[in-house]
Structure formats: structure tokens, C-alpha cells
Amino acid sequence: RIALVYFVVALIETLTTKRRPLVLSPGHLSIFTAYRWQWIGGFIAFSFYMITTYSLYIPDWSFINHKEGKAYTVKCGMRGHLGPACNAVGSPRSGPFREDAPGWCHANFEPEGLLSSISAILSGTIGIHYGHVLMHFKGQSQRLKQWLSMAIGLLVLAFLLHFSHAIPINKQLYTISYVCLTAGAAGVVFSGFYILIDVWGLRTPFLFLEWIGMNSMLIFVLGAQGILAAFINGWYYNNPNKTLVTWIKTHVFIDAWHSWNLGTLLYVIFADITFYGVLAGILHKLGMYWKL
């Protein structure tokens, strides 16, 4: 998905370099018109996703649950359904199944289908817009005005779509409301860090984030994809559930605080974010980076 989004966004950016002005004309919307081809590409992706999601006919389908040795037929025969069994993206509910979960939950699904990757192109378009603001606006207040107005507008739109039950926020389906929510939240967080680091000069407390950013691809593969945790979990005693990772999470965090939620939050903060920050810092000191 990341490769596809980067390819499309970078291709539009490269092919339209000579078609945009070096100096923006006056007006709040000038940056949008200067990069209209990027927004046209994002709109095409948005239109393709919406038309396919809400107009593609999903027929009844069957599968064999090999665990039970039984054949199931799922009744769909509809268009525009966003439920887990009959959506055009091909994404079921994620997470452990309930005891009363229907049999079709055990069918082979693509957890996040190709169609949702098309929708993610709009996320890339919004992301590169934040970068365009950084390039063209030199004043700190101008940058913040551009970022926050865009981000807050996206958040408002996301909540309106979700709570009006028009388009729910759904990560597996990568719905437009989910795109607006994540892109808007990213803009607010980015603006917050910009104020703390660039405006107020508080760089030292956030150096670990800078190190992670320098080696973001390696940290993503090791952390977000679970490669390092999977390697450590490969060494266990008595049974596969007794590993160093699970022991630390259970005894150092959850049991110590007598709360699964608080313990898990602290585990993520210290055993994930802080750990990978230190790892990225060591790699930075050694001059080791993984880039394309």
C-alpha cells in the first residue's frame, strides 16, 4: 500500500513540476490551485473508491470451513453494503472472534483489500499538501494557519460523516471518513510538534522522534510489522505463550499497575516507542540508516 500510494503521488508530482508556478499568487486557496493536478489525482482516487464501493454488486458467496468440515453460503446480493461480509473492499471484522460469531468469519479474506489502497492515495495527496505548505510559506504563523485550517476542517468532516451514519470511520475499509480523521489528526499533531520544536525551540526532549524519523523505514519494518517482536517471541519456554515479550508486558506493566488498559498503554510507551527511539538513536550515532 505504501509503495502504491508513494508511486502515484510521486508520479503526479514529478510530471507536473513544470506546470506549477514558483511563486504563489495572493489568496488562501492559491496553494490548492498551484497543485491542482495533485488534487485532481486525489479526487480521481476518491471517486473510483466511492463509485466502486457503493455500486459494485456483491453476489452470494460460499466457502468451506475446513476446521468444521462444513460448507457455508453467505447471502449478500446487494450493492453499497459496508458490513464485514458483503462489502466491495473484501474486509471482515478484525480481532478475535466472539463466541457467537457467524461461521463466515472463518472464511479466507483479504484483511485490507486493493480498493482500500486506492482510497489511501487521497491520504498521500493530503500529506504532500502539508509538505507544499512548508515549501511555499516561510512565516511560522502562515504555515500554522494553513496546516490547522486544513486539519480541523478534515476532522470536522470526518466526525460529521461518522456520527451522521453517512460513512463510518473504518480502517479496514479505509473509508473517506477514516482518511479525513487520520489526515486531520496528523495535521494537528504535526502542527503541535512544529510549535514545540521550531517555534519554542524545545528540540532536545523530542530528539528520539527525530532519530526515529531518520530511520523510519527500518523502525516500521521492525516495529509496526512486528519483525523484531516475532523474532524475540520465537524463543519461549514451556509453551509459545511464555516469551520474554509477554512476560515483560504481563509482570512489569499489567500486574504492577493492576490494570490491563493502563499496563498496555505504558507498555506501548516504554517498551515500544521509547525502545525504538533508543534503538534509532544508537543507529544514528553509528551513522547507520536504511533508505531507498
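A few comments on the model shown:
- Contact map, the stretch 1-16: first residue more than 20 Å from Phe32 (Cα to Cα) and without any contact (Cβ under 8 Å) to a residue 40 or more places away in the chain, second residue of a type in the set (Phe, Trp, Tyr) and in a helix (DSSP H, G or I), Cβ cut-off under 9 Å, separation 6 or more or different chains; pairs are Ile2/Phe220.
- Those residues of the stretch 177-202 which are over 20 Å from Gly281 (Cα atoms), open to solvent by 60 Å² or more (accessible area, probe 1.4 Å) and without any contact (Cβ under 8 Å) to a residue 24 or more places away in the chain, in sequence order: Val189, Trp200
- Counting only residues that are within 17 Å of Ala101 (Cβ to Cβ) and exposed (fewer than 14 other Cβ atoms within 10 Å of the Cβ), the stretch 74-89 holds 2 of them.
- Residues of the stretch 242-276 satisfying the condition of being open to solvent by less than 40 Å² (accessible area, probe 1.4 Å), modelled with pLDDT of 85 or more and within 26 Å of Leu207 (Cα to Cα): Phe253, Gly263, Thr264, Leu266, Tyr267, Tyr276
- Filtered by the rule that a residue be in contact with a Lys or Arg (Cβ under 8 Å, 6 or more places away or on another chain) and hydroxyl-bearing (Ser, Thr, Tyr), the stretch 262-292 gives Thr264, Tyr267.
- Output for the stretch 203-241, where each listed residue is in a loop (DSSP other than H, G, I, E, B) and either in contact (Cβ under 8 Å) with a residue 60 or more places away in the chain or open to solvent by 80 Å² or more (accessible area, probe 1.4 Å) (or both): Arg203, Asn215, Gln225, Trp235, Tyr237, Asn238, Pro240, Asn241
- Matching residues, the stretch 252-285, being of a type in the set (Gly, Ala, Ser) and either touching a residue at least 40 places away in the same chain (Cβ under 8 Å) or over 18 Å from Gln225 (Cβ atoms) (or both): Ala256, Ser259, Gly263, Gly277, Ala280, Gly281
- Of all the criteria given as (1) touching a Gly at 6+ places or on another chain (Cβ under 9 Å); (2) in contact (Cβ under 8 Å) with a residue 60 or more places away in the chain, the one not satisfied by Pro168 is (1).
- Taken over the stretch 47-73, the criterion of being part of a helix (DSSP H, G or I) and either among the acidic types (Asp, Glu) or open to solvent by less than 60 Å² (accessible area, probe 1.4 Å) (or both) is satisfied by Ser47, Tyr49, Met50, Thr52, Thr53, Ser55.
- The residue of the stretch 26-43 that is farthest from Glu110 (Cα to Cα), among those that are open to solvent by less than 70 Å² (accessible area, probe 1.4 Å) and out of contact with any helix residue (DSSP H, G or I) (no Cβ under 7 Å at 6 or more places or on another chain), is Gly27.
The values are calculated or read from the model by the stated rules, or taken from the named source; none is laboratory data. Values in this document were obtained by computation on a predicted structure and should not be read as measured data. Positions of Cβ are backbone-derived with ideal geometry, glycine not excepted, and every protein chain shown enters the neighbour counts. What goes into the accessible areas is simple: the full protein's heavy atoms, side chains included, and nothing from ligands, DNA or RNA. Shrake-Rupley method; radii C 1.70, N 1.55, O 1.52, S 1.80 Å.
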